[in-house]
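The values are calculated or read from the model by the stated rules, or taken from the named source; none is laboratory data. Note that the coordinates shown come from a computational prediction; the quantities given were computed from them, not determined experimentally. Here Cβ is always computed from backbone atoms with ideal geometry, including for glycine, and neighbour counts include all displayed protein chains.
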There are 2 protein chains.
Amino acid sequence: MTPGTVSIKEVAARAGVSPGTVSNVLNRPHKVAEGTRSRVEQVIRDLGFVRHGSASTLRAGHSRTVGLSVIDIGNPFFTDVAAGVEDYASDAGYAVILGNSSGDRVKEERNLRVFAEQRVRGLLITPFDDDPARLDVLRDRGIGVVLVDHPAHRPDQCSVAVNDITGGRMAAAHLVERGATDLVYVTGPLSIRQCIERRVGAEQALTAAGLDPAAHLRVVEMPAMNARAGQWAAELLLPEGVPDAVFCANDLLALGMLRGLMHAGVRVPEDVTLIGYDDIDFAAASTVSLSSIRQPTYKLGRIATELLLDECENPESHAHQQIMFQPELVVRESTRR
Amino acid sequence: MTPGTVSIKEVAARAGVSPGTVSNVLNRPHKVAEGTRSRVEQVIRDLGFVRHGSASTLRAGHSRTVGLSVIDIGNPFFTDVAAGVEDYASDAGYAVILGNSSGDRVKEERNLRVFAEQRVRGLLITPFDDDPARLDVLRDRGIGVVLVDHPAHRPDQCSVAVNDITGGRMAAAHLVERGATDLVYVTGPLSIRQCIERRVGAEQALTAAGLDPAAHLRVVEMPAMNARAGQWAAELLLPEGVPDAVFCANDLLALGMLRGLMHAGVRVPEDVTLIGYDDIDFAAASTVSLSSIRQPTYKLGRIATELLLDECENPESHAHQQIMFQPELVVRESTRR
DNA sequence: CCGTCCGGCAAAAACGTTTTAATATCGTTG
DNA sequence: CAACGATATTAAAACGTTTTTGCCGGACGG
């Protein structure tokens, strides 16, 4: 009746072998003779046996799951990363346990505990700060950790990230090249590494063009990084005077800004050029399509997972890597003159 | 040294109690005397003990994880659902294992097997077809299943969904009320239940308004449901003549359509009114903000999880429910005359 | 004062798998 | 022909919890 309860023992009994042999055809098929193997496999199919993962994990000492902790599952950026992770992990036979910290340190903490309880094989995390202590707790347990979208500061740690300084520089340089001299940088909280570095890059670009950032780059810091905040930023900004160009720290802000500008009768790109960051799908789909800085998001997830599984499965041969991708400028209507 | 290896036994030894007692303070704190309990809890903190989930699952017969299988993690609709699931599950102490089927039956199958191996306590799934056989395999194993965004056809099955016929009717009725008589329905594959039912609703609305759908509603079926497909639909559509109004089966299609229309010099809403479906965040943020049919997406995820956990934890008192939410019309610029 | 009940705890079995060491079977070689 | 190694399989011991059963002592009712 209850086919769910069929264990390796019953398979063994039915196939006329010992449980150990069944385990071998499951895990080391080459160690068992052709005849026995096919017989056991047939019984497995007949009985609808599926291995009890927990028993396996308990005895083997490690699971076939990885944890994924993201800051905001609602942001297409993280969604793309998650898709890359899920694809690679799934192909490798791993399950992905999802944790959404919602930018809340307490939630992140709680998720980490769940991952520890589940004895995930490894952890992929987009941390929102640099405190490595929490992660050490996991690492001490033998759980591999790979930082995603955050460069590791230590050589014994894998990470994949995209150069945000370069990205910021590309964005601002592009605006300047299009003739802007009065720029605005609209950003999320400046406690966020990405926001800081993109700003640094922008300042470098201005300096390189002979423009003093202090005089030519206004910074508008918003508490959130969504479209609502972007539109609000437009309302804050315009009374102070219309700039030549706006650089937003992500596309959600930029889309909101675009809407805010147009509502105020400011034309993009004729009056103001506008560029975002991340190149989410909606950037190309917005009515005035948005120039942006593209990051290899999906790839970020895939490579991170590849690194993680290598670290977990080949601990001795594994070489820790800090991979830094370069972003790419995507020019669309919002910066065409 | 390796704090990861501290087991319940060591805690017991250090606290001068038996392992069974430690297990009790973990799972039935009320059954152990105040003094012993606090002593054990202190030792747990000191040693940094964290329960081995697999051992627990093995012995207890059920895990504290739920599986979530979605069709497309890249679609904001599913992302919102996932956020609702994650929040509720996380609060209840459950971990969420994510499976992304990418609209691929084989991938979905594979994910189900992983869920079975992991012995998830329950499964939340947005199935893309009506074949219940696959799910019976899980149910026979005692794994609860709740259908998400898909009404169950059987009384022994929980489901949460939103009435798509009503939604389709609302959308079309709104367009007609705004004066449209020459409508177009842009949809994804008509093998998808949601696409079919929204169409049925639209036809009902036309009929109710005294317009024969055959004469007044053109249907454009696209192979995908993203913005690219929407823009392509505009290019297919316009040469045949500009309609009064366009109803898109989701917001991604609608955003693409909007862009396609504006590029062709067709003004929204002056020349054509446009409405989407789902009310994703980007609908409000697009330059001509998009009217849409709002679904309680996040709530869908939460309620589904609530139902699932009730089914798993109180099997005898649990009453299966097929919950059907009603959608809501959101009017924005794209249908303002 | 004796028998009974009950709260608090310990002892031990069980969950389903993996893995190690041991055993049986066979062909090969000195 | 004996000894040996290689190969295929088995038996049994783990892994860390949960849960059942039972023991002990003190409170309580008769």
Confirm whether B:Asp182 is more than 17 Å from the chain's Cα centre (by Cα), surrounded by fewer than 24 Cβ atoms within 10 Å (Cβ to Cβ), acidic (Asp, Glu) and at pLDDT below 95. no
Note on region A:17-49: residues outside any helix (DSSP H, G or I), surrounded by fewer than 19 Cβ atoms within 10 Å (Cβ to Cβ) and within 14 Å of chain B (Cβ to nearest Cβ) are A:Gly48
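Going by the conditions given, is B:Ala82 surrounded by fewer than 19 Cβ atoms within 10 Å (Cβ to Cβ), away from DNA strand C (no atom under 12 Å from the Cβ) and touching a residue at least 60 places away in the same chain (Cβ under 8 Å)?
Numbers: surrounded by fewer than 19 Cβ atoms within 10 Å (Cβ to Cβ): no; away from DNA strand C (no atom under 12 Å from the Cβ): yes; touching a residue at least 60 places away in the same chain (Cβ under 8 Å): yes.
It is false that B:Ala82 is surrounded by fewer than 19 Cβ atoms within 10 Å (Cβ to Cβ), away from DNA strand C (no atom under 12 Å from the Cβ) and touching a residue at least 60 places away in the same chain (Cβ under 8 Å).
Just the residues that are touching a residue at least 12 places away in the same chain (Cβ under 8 Å) and either crowded, with 20+ Cβ neighbours inside 10 Å or closer than 14 Å to B:Gly260 by Cα (or both), please, taken from region A:282-295.
Of region A:282-295, the ones touching a residue at least 12 places away in the same chain (Cβ under 8 Å) are A:282-284, A:286, A:288-295.
Those that are touching a residue at least 12 places away in the same chain (Cβ under 8 Å) and either crowded, with 20+ Cβ neighbours inside 10 Å or closer than 14 Å to B:Gly260 by Cα (or both): A:Phe282, A:Ala283, A:Ala284, A:Ser286, A:Val288, A:Ser289, A:Leu290, A:Ser291, A:Ser292, A:Ile293, A:Gln295.
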Could you list, in sequence order, the residues of region A:194-212 that are buried (at least 19 other Cβ atoms within 10 Å of the Cβ) and over 31 Å from the mean Cα position of the chain (by Cα)? A:Leu211
Of all residues in region B:52-81, count the ones that are more than 8 Å from DNA strand D (Cβ to nearest atom) and either over 29 Å from A:His62 (Cα atoms) or not in a helix (DSSP H, G or I) (or both). 20
Filter pass, B:Arg121 being within 13 Å of chain A (Cβ to nearest Cβ) and either of a type in the set (S, T, N, Q) or surrounded by fewer than 19 Cβ atoms within 10 Å (Cβ to Cβ) (or both): no
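Taking A:Ser69 as the residue in question, decide whether it is crowded, with 17+ Cβ neighbours inside 10 Å and within 10 Å of chain B (Cβ to nearest Cβ). Spell out the reasoning first.
Working: crowded, with 17+ Cβ neighbours inside 10 Å: yes; within 10 Å of chain B (Cβ to nearest Cβ): no.
No.
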May I ask you to list the residues in region A:95-115 that are more than 19 Å from A:Leu309 (Cβ to Cβ) and in contact with a Leu (Cβ under 8 Å, 6 or more places away or on another chain)? A:Leu112
Please go through region B:73-105 and give me each residue that is acidic (Asp, Glu) and farther than 27 Å from A:Arg110 by Cα, ordered by number. B:Asp104
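Could you pull out the residue among A:Glu41, A:Glu108, A:Glu10 that is among the acidic types (Asp, Glu), within 16 Å of DNA strand C (Cβ to nearest atom) and over 25 Å from B:Glu108 (Cα atoms)? Spell out the reasoning first.
Numbers: A:Glu41 fails: over 25 Å from B:Glu108 (Cα atoms); A:Glu108 fails: within 16 Å of DNA strand C (Cβ to nearest atom).
Only one candidate qualifies: A:Glu10.
Kindly establish whether B:Glu313 is touching a helix residue (DSSP H, G or I) at 6+ places or on another chain (Cβ under 9 Å) and closer than 18 Å to B:Thr65 by Cβ. Steps first, answer last, please.
Working: touching a helix residue (DSSP H, G or I) at 6+ places or on another chain (Cβ under 9 Å): no; closer than 18 Å to B:Thr65 by Cβ: yes.
Judged against the criteria, B:Glu313 is not a match.
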Examine region B:55-64 for a residue that is touching a strand residue (DSSP E or B) at 6+ places or on another chain (Cβ under 6 Å) and more than 13 Å from DNA strand C (Cβ to nearest atom), and state whether such a residue exists. no
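Being surrounded by fewer than 18 Cβ atoms within 10 Å (Cβ to Cβ) and under 22 Å from A:Pro296 (Cα atoms) narrows it down to one of A:Asp136, A:Asp140, A:Asp129, so name that one.
Working: A:Asp136 fails: under 22 Å from A:Pro296 (Cα atoms); A:Asp140 fails: under 22 Å from A:Pro296 (Cα atoms).
So the residue among A:Asp136, A:Asp140, A:Asp129 that is surrounded by fewer than 18 Cβ atoms within 10 Å (Cβ to Cβ) and under 22 Å from A:Pro296 (Cα atoms) is A:Asp129.
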Name every residue in region B:319-337 that is part of a loop (DSSP other than H, G, I, E, B) and either in contact with a Ser or Thr (Cβ under 7 Å, 6 or more places away or on another chain) or not charged (D, E, K, R) (or both), in order of residue number. B:Ala319, B:His320, B:Gln321, B:Gln326, B:Pro327, B:Val331, B:Arg332
Could you check B:Gly67 against (1) away from DNA strand C (no atom under 12 Å from the Cβ); (2) modelled with pLDDT under 95; (3) of a type in the set (Gly, Ala, Ser); (4) closer than 30 Å to B:Ser159 by Cα and say which number it fails? (2)
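Collect the residues in region A:85-111 that are closer than 17 Å to A:Thr65 by Cβ and more than 10 Å from chain B (Cβ to nearest Cβ), keeping them in residue-number order. Working first, answer last.
Just the residues of region A:85-111 that are closer than 17 Å to A:Thr65 by Cβ, to begin with: A:85-100, A:111.
Those that are closer than 17 Å to A:Thr65 by Cβ and more than 10 Å from chain B (Cβ to nearest Cβ): A:Tyr88, A:Ala92.
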Complete set of residues in region B:308-337 that are under 27 Å from B:Ala249 (Cβ atoms) and among the hydrophobic types (A, V, I, L, M, F, W, C): B:Ile323, B:Met324, B:Phe325, B:Leu329, B:Val330, B:Val331
Is one or more of the residues making up region B:24-34 without any contact (Cβ under 8 Å) to a residue 60 or more places away in the chain, on the phi > 0 side of the Ramachandran plot and away from DNA strand D (no atom under 13 Å from the Cβ)? no
A:Tyr88, sole failed condition from (1) buried (at least 23 other Cβ atoms within 10 Å of the Cβ); (2) modelled with pLDDT of 95 or more: (1)
